[in-house]
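Q: Below is the structure I would like to discuss, written out as structure tokens.
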Amino acid sequence: MEATDTPQDPSDSNPNDVISDDSLPETDATLSPIPPENHPNDSQPSPESQSPGNPSTAPQTTLEAPISDSLDESSEPVPEETVDEPAQNRVNPPEPGPTEPGPPARKRRRRKKFFTELNGNPSVAKGRRADLAKEVDIEALIAVSVGFPVDSLTEEEIEANVVPTVGGSEQANYIVVRNHILARWRSNVSVWLTREHALESIRSEHKGLVDSAYRFLLEHGYINFGVGPAIKEPKLRSFDGVERGNVVIVGAGLAGLMAARQLVFLGFKVVVLEGRARPGGRVKTKKMMGDGAEAAADLGGSVLTGINGNPLGVLARQLGLPLHKVRDICPLYLPDGKAVDSEIDSRVEVSFNKLLDRVCKLRQTMIEEVKSVDVALGTALEAFRRVYGVAKDPQERMLLDWHLANLEYANASLMSNLSMAYWDQDDPYEMGGDHCFIPGGNETFIRALAEDLPIFYERTVESIRYGTDGVLVYAGGQEFRGDMVLCTVPLGVLKKGSIEFVPELPQRKRDAIQRLGFGLLNKVAILFPYNFWGGDIDTFGHLSEDPSMRGEFFLFYSYSSVSGGPLLVALVAGDAAIRFELMSPVESVRRVLDILRAIFNPKGIAVPDPIQAVCTRWGKDNFAYGSYSYVAVGSSGDDYDLLAESVGDGRVFFAGEATNKQYPATMHGAFLSGMREAANIFRVARRRSLSSADKLNDVTEEVDDLNKLFDAPDSTFGSFSVLFDPGSNDIEAKSLLRVKFGVDKVELGCLCLYALISRKRAMELGGIDGDGNRMKVLNQESGVCLVGRKGLSDAAKSLVTCIKLARSNQSGGNQVQ
């Protein structure tokens, strides 16, 4: 795999990213200061005297904050994640300030955790032997938190032949050994666990099982992964000294970066192609600063969701990052700024959960009796709401709408788009533990993972061509040749058809791409001169009178404890997220400020003008076209598996959160998918290497023979060459077509694909101008599938034999060599 220039590091020439008259690539608008607006209830003391506990009033001021439209990330492609972090390393919550008495504290669900009955979350304790030692039980719990079943093998383990026979005592012993090795490394993720260390506490008669389990865990990235100093250095070279081929990775997000690091360790040469000028994909941290204040705002993936077993928690431990638990306290406020009555709040929350329970029972019945019938979750909920008379009072309806907006946030889509049957199919796999913020933003992970990798930035991939001979990737005017390609682009990009696949992707994969949903969530990040909302909460909510706009700034996240400055982030979900992208950023920020002033001004707390504000626009981002995936009506969790399937006989692989059935729409889901595909690529490469040398030599000779035949084609036009059937002049007689890719880049080699077509079709192709138009006719209108040399049909091979024989006779019996 080669390229004409060297990978570069993304440079931040202006770390402040303050908007000036020159728009940045990540913005779609440059804004002037907002004209003065009167706020009769606002007050303006000096910055020194202003504090949450000093509610002095101030005259009206002019908002002059730099406000930008960020087109660089999906707003919340991760529903919070958690980390295996000792309590002593966590950031201690700030002491509550002397803020005014707020509304009664209420716990809020931030993620879907309702319908687990249908999927059947396995019980950890079920079927376990009563005499298992406590240590073994703890190790089993750790294995379960990572995703291993309690008392059986994973499909990956079965395929890897970790034990000769599935079932029986040897499998049971293997599981104990595997869990022990996994737990031992997890106890200290900053050191490299060797096979010898793994053997120390296991009886010698189980050495074979230790070898098998250690090899599996190492090759599949369950141990010895990450960015700690003792881990990174060994991962920069092949673990067994064997070079296994070249892999082109499309996308430098979490999936692509993790796959690249693991593939290098497994013996592959990699090159990463990234369309943006930075790594991270939908994880984007923006530095905001001004007037002495500074903060790091996560505009994309932001919260670590469930730290138990979470690989990002491992990275946090290795980097020595303290974690801040997102506290569940979330007071709610009415449109006029008044606190929601606690009794009404509790009553509506109970009713909302009962509605979900009733829908759960309905779908169980429908799936059991009707099969394959699906309706929108929103339709079912509204039907039950009407039947049971829930939320008839205006305030109750606003509260119910807030819960629905929260659900739309969790799924990045409207309730009317969500599958009632499968919208929460991933719930049984959710990682337990706290939801946490990472101080300084998640870009800390990205920079550590991208270090030392050959990443080519601003290389937008236009085409991926593949056959049994390898792959050719066109990006940014360059051609990259490899043995395999890993595509990690977001589902939104696949839906948009931004990348041309030749041959076209299989129909079942294209159907899955269309069925699965890819939703939208946006954010407004605002840096203030000081924290006026207090330090005793991490979230608070706002209700809307308009049901269609219930998701507009419905939830605020306080990042003061982890961002380095007084930062608030307002979320925009559901239908409001779509409309938000049509609104000017100036108007968006003004609406946020109106909400905040309605809440805090009546309490005597002035809301200052912001220093800087950023509005995301993930739907308009050409490298994402949205935020994260969801199960749409008519789709199911199986579609995630279809997206994860490789194509082209192990030439094209796919990773990313939308390929992870267990952990979709999460940062750790993307991370784990990259690790999964690295193992799959390793397995395929090893399978190919098992072919005998004689067979490989035979294939090489066959390819050489075919190349020599095409040295004198019967017809050639552009990159197309044709060999006609020497035994027939019929226009319907079969001909062998060869399409040669990469002919202008000799140093990269070229990729040849073939097809059996009629002489008539070959002549028609010759009359078309341009290789691109010929390919379009060939693929879309003719439905011809190009294959590599080893993929030729028996009819094609027979034609090759006839051509070789005819040319041999013409040359006086000298066989083509």
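Q: Under a point spin-label approximation (7 Å from Cα along Cα-to-Cβ), what is the GLU732-SER416 distance to one decimal in nm?
A: 5.2
Q: At a threshold of 8 angstrom on Cα-Cα distance, excluding pairs fewer than six apart, so keeping six or more, what relative contact order does the range 702-811 reach in percent? Before the final figure, lay out each step's value.
A: On the way: 130 pairs, mean separation 26.4, N = 110.
Relative CO of the range 702-811 lands at 24 percent.
Q: Which whole-number percentage describes the relative contact order of the range 123-224, with Cα contacts under 8 Å and a sequence gap of 6 or more?
A: On the way: 84 pairs, mean separation 28.2, N = 102.
Result for the range 123-224 is 28 percent.
Q: Report the calculated FRET efficiency for ILE158 and LYS134 (r = Cβ-Cβ distance, R0 = 35 Å), to the nearest 0.05.
A: Numbers: r = 29 Å, r/R0 = 0.83.
So the FRET efficiency works out to roughly 0.75.
Q: Taking 27 Å as the cut-off for C-alpha to C-alpha distance, list the pairs among LYS269/LYS790; LYS235/LYS284; LYS392/LYS620; LYS235/LYS287; LYS287/LYS620; LYS740/LYS790 that go past it.
A: LYS392/LYS620; LYS235/LYS287
Q: Please give the Cα centre distance for the range 606-633 versus the range 466-523, rounded to the nearest Å.
A: Cα centroid to Cα centroid, the span is 24 Å.
Q: Still on this structure, I have one more. Could you tell me the calculated FRET efficiency between GLU500 and LYS760, based on Cβ-Cβ distance and R0 = 30 angstrom, to the nearest 0.05? Don't skip to the end; give the middle numbers.
A: Details: r = 26 Å, r/R0 = 0.87.
Using R0 = 30 Å, I get an efficiency of 0.70.
Q: For LYS620 and GLN514, calculate 0.36 nm times their separation in residues minus their Cα-Cα distance, and state this gained length in nm to one decimal.
A: Numbers: separation 106, 0.36 × 106 = 38.16 nm, distance 1.89 nm.
Between LYS620 and GLN514, full extension yields 36.3 nm more.
Q: Of the heavy-atom accessible surface of the range 702-811 (probe 1.4 angstrom), what whole percent is carbon and sulfur? It would help to have the intermediate numbers written out before the result.
A: Details: 2500 of 5420 Å².
The C+S portion of the solvent-accessible surface of the range 702-811 is 46 percent.
Q: Still on this structure: Starting from the range 231-275, pick out the trypsin sites (Lys or Arg not before Pro) whose DSSP state is loop and whose Cβ has at most 13 other Cβ atoms within 10 Å.
A: On the way: sites: LYS232, LYS235, ARG237, ARG244, ARG261, LYS269; in loops: ARG237, ARG244.
The qualifying sites are ARG237.
Q: Okay, next question. Whole-Hz Karplus ³J(HN,Hα) for the range 610-620, in order, using 6.51 cos²θ - 1.76 cosθ + 1.60 and θ = phi - 60°, x for Gly and Pro?
A: 3J(HN,Hα) across the range 610-620, in whole Hz: x, 7, 7, 9, 10, 10, 7, 9, 5, x, 9.
Q: Oh, and also: Say the cut-off is 32 Å between C-alpha atoms; which of LYS325/LYS496; LYS661/LYS776; LYS325/LYS661; LYS286/LYS354 go over it? Before the final figure, lay out each step's value.
A: Details: LYS325/LYS496 37 Å; LYS661/LYS776 34 Å; LYS325/LYS661 26 Å; LYS286/LYS354 40 Å.
Beyond 32 Å between Cα atoms: LYS325/LYS496; LYS661/LYS776; LYS286/LYS354.
Q: Roughly how far apart, in whole Å, are the Cα centres of the range 157-208 and the range 321-378?
A: 42
The values are calculated or read from the model by the stated rules, or taken from the named source; none is laboratory data. Since the structure is predicted, the reported quantities are computational estimates derived from the model, not experimental observations. Cβ coordinates were reconstructed from backbone atoms using ideal geometry, including for glycine residues, and neighbour counts include every protein chain displayed. Keep in mind that these areas ignore ligands, DNA and RNA; they rest on the heavy atoms of the full protein, side chains included. Shrake-Rupley method; radii C 1.70, N 1.55, O 1.52, S 1.80 Å.
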